[in-house]
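Participant: A single structure is presented below for examination.
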Amino acid sequence: MPPIPKAKQFITAISFLIFLFPNFTYGKETNDKTKATTKTTTTAKTEELPKIGNFAVPFSQQLGPLLSFGQNMIGKNQTQISLFADDFVGTEKHSADINPTILYQITDNLSVFFNFPIAASYRQDNQHSSGLEDTLLQFEYAFYSKQNSRFSDQATVVTNVSFPAGSAQKQPATGFGSSTFFLGATFSRTSVEWFGFTSDGIIQTTSHNGLKFGDEFLYQFGVGRNISSVTSKYLFAGLVEINGQYTQRSTIDGVTDPDSGGNVIYITPSLWLSTQKLIVQLGAGFPVVQNLFGEQRGNHYLLVGSLTWTFG
């Protein structure tokens, strides 16, 4: 495994400070204990959360990340269908994706997530490609949950496998050409006014016909704040995410490709609007760190949005 980038150490340190910051709490604790109104991993009684601010809408509709992985936890037997779209733009290149997804909550603590991405338009120099990308099957387990009258915490472990529906032969490639395996973990805290999270994970690639794309190391965190809300009607909030991705160099027939891999960090502000069933989130991101190995064209910005409907 490569040395951890200094940027990752810095971001991880900030992430811990976020969750210690006192403004992430609300009000004073009360001794009046009731059954938890959101999912927990224990049947013990907990303090009830106030139904205002970030808690003005059901658990499934509360603020979450736009680009970062995981935190796909909703109510038991609920289903969410989403349409996610993005466009990464760089020097004489861009990649536009459309991602239909399905999320189903199997138990209070376990969810399954399906992703069927489509490369709508990939371009690099004068080369164009489109078509199916690698499909993904993901499971997420909430191994820790805690709430009181001030905030709600949740920690999860995430694992997934991708299947090579895309093509590594197209230029630009629309897939890895073989399966990948992912393991990561997340932690989030939600209070009436604030939301924060941190997540880290690794994508392990496999080889096919002598080609192996570099493994990827993800380090992410974000902070959000309630802007406006009405109990049982809507939540309007803002979120800023920082998404770091360190990618090892690819190999072809055992020979390292010097013009591959690198470390990129995007900062992406977004706006969130949710009602009892609908979620809309829109954002735009910009690279603040861009250390690409060898001769590679740089990235300029990204546009991203999602539309989600909750059933059950």
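Read the figures in this text as sums done on the coordinates, not as results from a lab. Bear in mind that the values here come from a model prediction, so they are computed numbers and not experimental data. Cβ: placed from backbone, ideal geometry, glycine included. Neighbour counts: every protein chain shown.
Participant: With angles folded into 0 to 90 degrees, how steeply does helix 6-20 sit against the dominant principal axis of the chain? Use alpha carbons for both and round to 10.
Facilitator: With both axes taken from Cα atoms, the answer is about 10 degrees.
Participant: Can you tell me the dipole magnitude for region 207-275 around its Cα centre, using point charges on the Cβ only (Lys, Arg +1; Asp, Glu -1), in Debye to the nearest 20?
Facilitator: Dipole size: approximately 460 debye.
Participant: Quick one: if you stick a label point 7 Å off each Cα along the C-beta vector at Y141 and S228, how many nm between them?
Facilitator: The modelled label-to-label distance comes out at 4.3 nm.
Participant: Would you work out which of V289, F59, T231 lies farthest towards the positive end of the dipole of the chain? Charges go on Cβ: Lys and Arg +1, Asp and Glu -1.
Facilitator: Final value for the positive-end residue is T231.
Participant: Mind scanning K51/K233; K146/K277; K93/K212 and naming the pairs with a C-alpha gap bigger than 20 Å? Please list the in-between numbers first.
Facilitator: Details: K51/K233 11 Å; K146/K277 25 Å; K93/K212 22 Å.
Beyond 20 Å: K146/K277; K93/K212.
Participant: How would you rank 249-260, 279-290, highest first, on the average number of other Cβ atoms within 10 Å across their residues? Show your work: numbers first, answer last.
Facilitator: Details: 249-260: 13.8, 279-290: 17.2.
My ranking of the peptides, most packed first, is 279-290, 249-260.
Participant: Place the peptides 157-169, 56-68 in order of packing, highest mean first, counting for every residue the other Cβ atoms within 10 Å and averaging per peptide. Spell out each step's value before the answer.
Facilitator: On the way: 157-169: 17.9, 56-68: 22.4.
Packing order, densest peptide first, comes out as 56-68, 157-169.
Participant: Grab the Cα-Cα distance for T79 and D259, subtract it from 0.36 nm times how many residues apart they are, and report the gain in nm with one decimal.
Facilitator: On the way: separation 180, 0.36 × 180 = 64.80 nm, distance 4.20 nm.
Fully extending the segment from T79 to D259 adds 60.6 nm.
Participant: If you don't mind, there's one more thing I want to ask. Candidates [x] 40, 21, 18; [y] 27, 26, 16; [z] 36, 20, 18; which is the computed semi-axes √(5λ) of the Cα gyration tensor in Å?
Facilitator: This structure yields the entry labelled [z].
Participant: Determine the sum of side-chain charges near N299: Lys and Arg each +1, Asp and Glu each -1, restricted to other residues whose C-beta is under 13 angstrom from that of N299.
Facilitator: Values: positive: K93, R297; negative: D86, D87, E92.
Residues close to N299 contribute a combined charge of -1.
Participant: Still on this structure, I have one more. Can you give the calculated 222 nm mean residue ellipticity of the chain, where each DSSP H run of n ≥ 4 adds -39,500 (n - 2.57) and the sum is split over every residue, rounded to the nearest 500 deg cm²/dmol? Walk me through the numbers on the way to the answer.
Facilitator: Numbers: 1 runs with 15 residues, N = 312.
Result for the chain, helices only: -1500 deg cm²/dmol.
Participant: Determine ³J(HN,Hα), in whole Hz, for all residues of region 169-174 in sequence, where each value follows from phi through the Karplus function 6.51 cos²θ - 1.76 cosθ + 1.60 and θ = phi - 60°; x replaces Gly and Pro.
Facilitator: Running phi through 6.51 cos²θ - 1.76 cosθ + 1.60 with θ = phi - 60° gives 8, 5, 10, x, 5, 10 Hz.
Participant: Then there is this: Using the per-residue mean of other Cβ atoms lying within 10 Å as a proxy for protection, in what order, highest first, do the peptides 264-277, 186-199 fall?
Facilitator: 186-199, 264-277
Participant: Specify which residue in the list T247, F176, L307 is farthest towards the positive end of the charge dipole of region 6-311, using unit charges on the beta carbon of Lys, Arg (+1) and Asp, Glu (-1), about the Cα centre.
Facilitator: L307
Participant: Still on this structure: Give, rounded to the nearest 20 debye, the magnitude of the charge dipole that region 6-311 has about its Cα centre when Lys and Arg contribute +1 at Cβ and Asp and Glu contribute -1 at Cβ. Don't skip to the answer; put the middle values down first.
Facilitator: Details: 21 positive and 23 negative charges, 207 e Å.
Rounded to the nearest 20 debye, it is 1000 debye.
Participant: Just want the answer: with Cβ charges of +1 for Lys and Arg and -1 for Asp and Glu, which residue in L136, T101, P117 is farthest toward the dipole's positive end in region 6-311?
Facilitator: Going by the Cα projections, it comes out as T101.
Participant: With θ set to phi - 60°, apply the Karplus curve 6.51 cos²θ - 1.76 cosθ + 1.60 along region 117-123 and write out the HN-Hα couplings as whole Hz, x wherever there is a Gly or Pro.
Facilitator: x, 10, 7, 6, 7, 10, 9
Participant: Magnitude of the Cβ-charge dipole of region 157-234, K/R +1 and D/E -1, about the Cα centre, nearest 20 debye? Please list the in-between numbers first.
Facilitator: Details: 5 positive and 4 negative charges, 44 e Å.
The calculation lands at about 220 debye.
Participant: With labels modelled as points extended 7 Å from the Cα through the Cβ direction, what inter-label distance (nm, one decimal) is found for T91 paired with F116?
Facilitator: 3.9
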